Structures are given as C-alpha cells and as structure tokens.
Amino acid sequence: MIQIVAAAFLLLAFLCLFLFVFFFLRLDGIAAKNLTDQTHHVAGLSAAFLPPFDIIVGNDDYRKLRTMPELKSVREMFWRDRRRIVLMWLGELQKDVHVLWKFRRFLVRNGLLVTFREEVSVVFAGLLALLYLKVVRAAVFIFGPFALYGALGKARLLVERLSIWGEGALARVPATRRAEIEKRWTQQLLAMGMRTG
C-alpha cells in the first residue's frame, strides 16, 4: 500500500514539474516579448516587486553591525525590525497576486480572448506564487530576514511574471478599448476599496 502511495506521489510530482515547464516557462518568454515597448503598471498593485530590492532585503548593514559586539542590542533590534519589514513586504506581494488574479478575470469578463493553455498556466503560476510566498513567509519568520536572500528574489520574480502576463494581456486589447478598460478597472478598484497606485 505504501509503495502505491509513493508511486502515485512521484507520478503527481513529475506531472506538476511537466506542467510547470510546459506552461509557465514557455509563456514567460511570450509575455516578455509582448511587453518590450510597454512601461505600463497595472493599477491596484503595490510597488513591492519593483526595484530597489536590496533596500528591503539587503544585509550589508546587518553584517557591519555583527562586527561590533558592543552594538549587540542594536543588532538584535535591527534584525527584528527588518524581519517585520520583510514579512510586510511578502504580504504585499501576496496581495499583488490576488489583485493580478482579479485583473485577469476582469479582462476576460470584458472580452479578452484567451486560450485554455494560457488560462491553465496563469492559474498554475498564481497558485505556485501564493504557495511559495506562504512558505517563504514562514521561513523568514523562523530563520530571520537575512537567511533567504535568493528565495526572496524568487518570490519577487514570481509576482513580476504574473504582472507581465497581466500587462501582456492588456496590451493585446485594441488601443481604442484599452483606455476604457483601464478606466473601468480603476473604478472597480475604487469600489472595492483597493489601492490604485
């Protein structure tokens, strides 16, 4: 019985890996090509995935404080404050994933033509980003803000890719309708009480 469960789990893991490679990575290049001239920002998103990244997660100041034993209390306070800031930043990234999902649904309701493959990849990418963000938040809470620099960069990249897909989908809308859709999206955000920055 245990062997059957292990085999099923292994098969499921390979299937998820295949779907990730097939949908997620392939469409990333397509979405990036669609936005070469685009400097657009989806209304409602925070600026959490935009540079400068090192201001939030960089550890240069902390390393300098570690070299001064007389500043141990300052270093500990700095560590706690930075952990709180990084956890808040990860929370903003999670909110951005939800906003991007709502934006995508809004575009589809307003006539954006999408393929089944594209929708599956967006759903998979969104779920992957949310799961990843939850795991990274737990790890930051346990291990601190400076232990996971690479993982934090990957978290930002996952949300950035979703944003590129959202902007790429909007770029496919004819310019005559785009302004109208952007205006209606902003009105919907205001009605929901969401940020419009």
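The values are calculated or read from the model by the stated rules, or taken from the named source; none is laboratory data. Being a predicted model, the structure only gives us computed values, none of them experimental. Neighbour counts run over all protein chains shown; Cβ positions are idealised from the backbone, glycine included.
A few points about this structure:
- Of the helices (runs of 4 or more DSSP H) contained entirely in the stretch 1-86, those carrying at least 2 residues that are surrounded by 10 or more Cβ atoms within 10 Å (Cβ to Cβ) and either in contact with a strand residue (DSSP E or B) (Cβ under 9 Å, 6 or more places away or on another chain) or at pLDDT below 80 (or both) fall at 2-19, 26-34.
- Test: residue 123 is β-branched (Val, Ile, Thr) and either surrounded by 14 or more Cβ atoms within 10 Å (Cβ to Cβ) or not in a helix (DSSP H, G or I) (or both): no
- Output for the stretch 151-186, where each listed residue is charged (D, E, K, R) and assigned to a helix (DSSP H, G or I): 154, 156, 160, 161, 167, 177, 178, 180, 182, 183, 184
- Cβ-Cβ distances below 7 Å connect the following pairs, each with a first residue in the stretch 182-197 that is closer than 15 Å to residue 105 by Cβ and of a type outside the set (Val, Ile, Thr), a second residue that is at pLDDT below 75 and in a loop (DSSP other than H, G, I, E, B), and a separation of six or more residues or different chains: 189/196.
- Sole exception among (1) closer than 30 Å to residue 177 by Cα; (2) surrounded by 17 or more Cβ atoms within 10 Å (Cβ to Cβ); (3) of a type in the set (Lys, Arg) for residue 109, by number: (2)
- Residue list for the stretch 103-126, restricted to those being over 22 Å from residue 174 (Cβ atoms) and touching a residue at least 12 places away in the same chain (Cβ under 8 Å): 117, 120, 121, 124, 125, 126
- Top-ranked residue of the stretch 137-180 - restricted to ones that are over 12 Å from the mean Cα position of the chain (by Cα), at pLDDT 90 or above and β-branched (Val, Ile, Thr), ranked as surrounded by the fewest Cβ atoms within 10 Å (Cβ to Cβ): 142
- Selection within the stretch 59-87 - touching a residue at least 60 places away in the same chain (Cβ under 8 Å) and not hydroxyl-bearing (Ser, Thr, Tyr): 59, 79, 82, 83, 85, 86
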